[in-house]
Amino acid sequence: MSLPVEPSVQIDSEDKGLAISDHFIIRDGQEYSGAHLLIDLWGASSLTDIAFIEATLKKCIDVCGATLLHIHLHQFSDSGGISGVAILAESHISLHTWPERDYAAFDVFMCGQTQPMLAVDVLEQAFKPDKLRVKEILRGSTEGPQ
């Protein structure tokens, strides 16, 4: 079943790449709610250090220009792996680490005038992975498959 889609804002014809009143973004002529980055780190270090991970999340948030509302992290007793989320005024950053595989998965989802792609450099510098992969999904876009 297809639900009707109604535009939530009036779009200015000039593409400024800036957020509009409901924090949707217009970039390169495309309108979307936010950029969702799926970031995989292989061969990563410091995946059981909860204080380091919290500090790294805060640095990502600061560098991206986002607003932290709350962080919750949980460390598992069996593997030392950490799962958590930073709730932002502009959306969230979530993470899951598998230290037994030197692997971490981060989701960085931000709307408005933030710059979520800047989190990639912060994560790379912090965790020093052997391999890093980033996939960007423009959430809320009606421009077809991504």
Exercise. Normalised by the residues of region 34-139, what does the relative contact order come to in percent, with Cα pairs under 8 Å and at least six apart?
Worked result: 43
Exercise. How big is the charge dipole of region 95-146 about its Cα centre, in debye rounded to the nearest 20, if each Lys and Arg gets +1 on its Cβ and each Asp and Glu gets -1 on its Cβ?
Worked result: 60
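What are the equivalent ellipsoid semi-axes of region 34-139, built from the alpha-carbon gyration tensor (square roots of five times its eigenvalues), in whole angstrom, biggest first?
Its equivalent ellipsoid spans semi-axes of 21, 15, 11 Å.
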Exercise. Picking from SER79, VAL122, LEU38, whose Cα lies most toward the positive end of the charge dipole for region 34-139 (charges on Cβ: Lys, Arg +1; Asp, Glu -1)?
Worked result: LEU38
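Just so you know, all these numbers are worked out from the coordinates, no wet-lab data involved. Here the structure is a predicted model, which is why all the values come from computation and not from measurement. Virtual Cβ from ideal backbone geometry, glycine too; neighbours counted across all protein chains shown.
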